[in-house]
Amino acid sequence: MKYIFVTGGVVSSLGKGLTAASLGTLLECRGLRVVLLKLDPYLNVDPGTMSPFQHGEVYVLADGAETDLDLGHYERFTNCVLTRANNVTSGQVYETVLANERRGDYLGRTVQVIPHVTDEIKRRIRELGESSGADVLISEIGGTTGDIEGLPFLEAIRQFQLEVGPSNVIIIHVTLVPFLKAAGELKTKPTQQSVARLREIGLQPHVLICRTETPLDHEVRQKLSLYCNVPIEAVIEAGDVEHTIYESPLNLRSEGLDDIVCRLLGLNTPEPHLADWTKFVNRIIHPKKRVRIAVVGKYIELQDAYKSIYESITHAAASHDCGVDLVLVDAEVLGEEGAEKYLQGVAGVLVPGGFGDRGIEGKVEAARYARESRTPFLGLCLGMQIATIEFARNVCGLEGANSTEFDPETPHPVIYILEEQKDVTQKGASMRLGVWPTLLGKNSVAHQVYGRPEVTERHRHRYEFNMGYRELMEQRGLIISGTSPDGQLVEIIEIQNHPWFVACQFHPEFQSKPNAPHPLFRGFIAACLAHED
Ligand code: GLN
């Protein structure tokens with residue numbers, strides 16, 4: 001088993017997750033089996049309780065783990081199967097150490113960061129490596145060198161390197177090489193200093209990945225090599241991707257990252273097969289047509305809040321040889337100014353998931369517009385609840401219909417809290433989470449796009465379609481096209497006599513890949529293209 005640790009220096013948001021995932025792509029394309037791990041130094045047990053403003057999207061795994069959005073990159077860029085063991089936070093590590101202490105496992109010793117916390121970190125890394133059966137474990141450490149929170153992780157890696165042997169471990173440091181306009185040159189000092197921070201802790205990086213907006217010339221590479229004690233061929237330039245993040249593995253390949261990694265770790269493999277990946281990238285870069293799709297959400301200004309949704313749209317569109325112009329609409333603003341102003345002329349409307357009542361009325365407006373104007377609509381999780389509320393109010397005449405999440409006193413609680421959720425007061429990991437099966441109705445759009453009668457999809461919600469309203473809504477043209485196997489929970493709704501109106505209680509965006517776009521997104525884009533024609 002070989003181990004690669006990816007650290008970050010100078011500033012955050014350098015795209016460490018993307019770098020780790022892209023390296024995963026390259027190694028897999030060389031025939032290696034990889035497993036990816038994210039070590040997050042924050043004290044939250046998982047990001048499930050964090051606001052999208054703090055943390056971007058919460059990525060849900062099949063086992064119901066609420067994880068960092070980098071795990072989304074890992075699943076989209078590699079074939080590695082992830083579980084809750086693939087995202088370790090300081091919160092989890094301390095939770096275990098403290099539980100051990102309360103049980104008396106430490107036999108009266110003083111419990112300390114070294115060795116008890118670092119031992120627990122190493123145990124989790126080793127266990128994941130061993131149970132995965134992979135050849136290489138790539139582990140990204142969140143945060144930036146110099147952060148106090150990150151120190152136990154870096155110390156654990158130092159010890160780990162000693163234990164498994166230096167020939168089995170490499171450290172890749174992702175750093176920033178800024179261009180100072182006034183000086184007219186690239187500056188290597190921030191990188192030198194962040195590498196010095198690492199060396200203080202006893203870690204010498206083997207590879208530098210230099211994020212830069214200006215190409216590194218030979219002189220700069222030489223300087224970085226000399227001051228950071230890294231061979232010059234291990235100084236890798238990583239400019240911004242030009243069109244799409246999926247270029248990243250190809251760019252790193254052209255800098256020879258995978259060659260140097262394999263050489264350092266003594267991995268004898270053939271050159272990577274990147275033909276399929278390159279084809280996919282080219283399809284994104286040179287689409288034959290374009291389509292305009294509106295996303296009506298609450299966190300529209302945040303780049304990361306709907307990450308998996310945007311990626312799923314990209315995958316599906318590429319499979320139709322089509323590019324997408326996203327129209328990002330703030331639901332609150334739409335609510336105040338009307339749907340027509342923002343949605344007229346778009347080929348499709350997507351309402352993503354969400355929590356809390358801000359922007360709800362705007363989303364309901366968007367669903368009304370899509371239904372009445374016969375514009376293709378895709379609702380995800382909250383998006384399905386919104387479509388239900390809109391249908392209840394405007395088609396079934398149920399005035400004031402709502403979800404009890406937004407109006408506990410609504411006369412028509414068409415969406416209400418799950419019975420088993422009523423008494424839950426704890427916020428963390430307490431929703432209906434992870435994969436659950438859905439049976440699809442015959443002759444439904446869902447059945448047609450999936451091409452099979454049963455699917456499993458990932459969930460993250462507390463509220464549910466109220467079956468008490470089923471009959472009335474069906475009489476008025478709502479189709480319940482997906483339910484739980486016992487028929488008790490509504491998973492997918494559609495609208496009769498509409499070109500394409502599908503909304504689901506689950507999150508299909510967590511199961512879309514470049515080479516396997518999700519059927520619902522594929523169907524939605526196809527409908528948008530047809531609508532535009
Ligand atoms: N807030 C809604 C619920 O809890 C929807 C959740 C979501 O969109 N992920 O059911």
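The values are calculated or read from the model by the stated rules, or taken from the named source; none is laboratory data. Quick caveat, the model's predicted, so the values are computed rather than measured. Cβ coordinates were reconstructed from backbone atoms using ideal geometry, including for glycine residues, and neighbour counts include every protein chain displayed. The protein model used for the area step is the full one, side chains on, heavy atoms only, and it has no ligands, DNA or RNA in it. Shrake-Rupley method; radii C 1.70, N 1.55, O 1.52, S 1.80 Å.
Quick notes
- Cβ pairs under 6 Å, 6+ apart, first in the range 347-373 and in contact (Cβ under 8 Å) with a residue 24 or more places away in the chain and within 15 Å of the ligand (Cβ to nearest atom), second hydroxyl-bearing (S, T, Y) and open to solvent by 20 Å² or more (accessible area, probe 1.4 Å): none
- Answer residue from the range 203-224, given it is within 34 Å of the chain's Cα centre (by Cα) and in a helix (DSSP H, G or I) and is farthest from R253 (Cα to Cα) among those: L224
- Exclusive hit being open to solvent by 10 Å² or more (accessible area, probe 1.4 Å), under 25 Å from the mean Cα position of the chain (by Cα) and more than 17 Å from Y463 (Cα to Cα), set V445, V449: V449
- Sole residue being over 20 Å from G146 (Cβ atoms) and either at pLDDT 95 or above or in contact with a helix residue (DSSP H, G or I) (Cβ under 7 Å, 6 or more places away or on another chain) (or both), chosen from L176, L186: L186
- Any hit, the range 323-330, residues being within 16 Å of the ligand (Cβ to nearest atom) and without any contact (Cβ under 8 Å) to a residue 40 or more places away in the chain: no
Rundown of residues vs (1) open to solvent by less than 70 Å² (accessible area, probe 1.4 Å); (2) farther than 28 Å from V60 by Cβ, yes/no style:
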| residue | (1), (2) |
| --- | --- |
| V261 | yes, yes |
| L265 | yes, yes |
| E271 | no, yes |
| V291 | yes, no |
| Y299 | yes, no |
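- Filtering Q344, Q385 for residues that are surrounded by fewer than 20 Cβ atoms within 10 Å (Cβ to Cβ) and over 12 Å from F501 (Cα atoms) leaves a single hit, Q344.
- Top-ranked residue of the range 213-233 - restricted to ones that are among the acidic types (D, E) and more than 21 Å from D259 (Cα to Cα), ranked as most open to solvent (accessible area, probe 1.4 Å): E213
- Cβ pairs under 7 Å, 6+ apart, first in the range 216-238 and more than 19 Å from L264 (Cα to Cα), second charged (D, E, K, R): L216/E237; A238/R211
- Complete set of residues in the range 387-413 that are within 26 Å of F521 (Cβ to Cβ), within 13 Å of the ligand (Cβ to nearest atom), among the hydrophobic types (A, V, I, L, M, F, W, C) and in contact (Cβ under 8 Å) with a residue 40 or more places away in the chain: A387
- Failed criterion for L26 (all others in (1) assigned to a helix (DSSP H, G or I); (2) more than 23 Å from V174 (Cβ to Cβ) hold): (2)
- Test: residue in the range 423-438 that is of a type in the set (A, V, I, L, M), in contact with a His (Cβ under 8 Å, 6 or more places away or on another chain), within 16 Å of the ligand (Cβ to nearest atom) and more than 18 Å from F355 (Cα to Cα): yes
- Unique residue being farther than 24 Å from R522 by Cβ and of a type in the set (S, T, N, Q) when the list is N282, N251: N251
- Residues that are surrounded by fewer than 24 Cβ atoms within 10 Å (Cβ to Cβ) and either basic (K, R) or free of Cβ contacts under 8 Å to residues at least 40 places away in the same chain (or both), drawn from the range 1-34: K2, S13, R30, R33
- Inter-residue pairs, beta-carbon under 8 Å, first on the phi > 0 side of the Ramachandran plot and open to solvent by 20 Å² or more (accessible area, probe 1.4 Å) and in the range 484-497, second at pLDDT 95 or above and in a loop (DSSP other than H, G, I, E, B), 6+ apart: N497/G477
- Conditions (1) more than 27 Å from C322 (Cβ to Cβ); (2) within 16 Å of the ligand (Cβ to nearest atom); (3) out of contact with any Pro (no Cβ under 9 Å at 6 or more places or on another chain); number of the one not met by S484: (3)
- Selection of the range 354-372 for residues being at pLDDT below 95 and not hydrophobic (A, V, I, L, M, F, W, C) yields G354, G356, D357, R358, G359.
- For the criterion of being open to solvent by less than 10 Å² (accessible area, probe 1.4 Å) and either modelled with pLDDT under 95 or within 20 Å of L43 (Cα to Cα) (or both), N87 passes.
- Pick from the range 234-248, criterion acidic (D, E) and modelled with pLDDT under 95, ranking: least open to solvent (accessible area, probe 1.4 Å): D240
- Residue match in the range 44-52 (condition: under 18 Å from N87 (Cα atoms), among the charged types (D, E, K, R) and modelled with pLDDT under 90): yes
- Residue within the range 454-464 that is open to solvent by less than 20 Å² (accessible area, probe 1.4 Å), over 27 Å from the mean Cα position of the chain (by Cα) and either within 16 Å of the ligand (Cβ to nearest atom) or more than 17 Å from F506 (Cα to Cα) (or both) present: no
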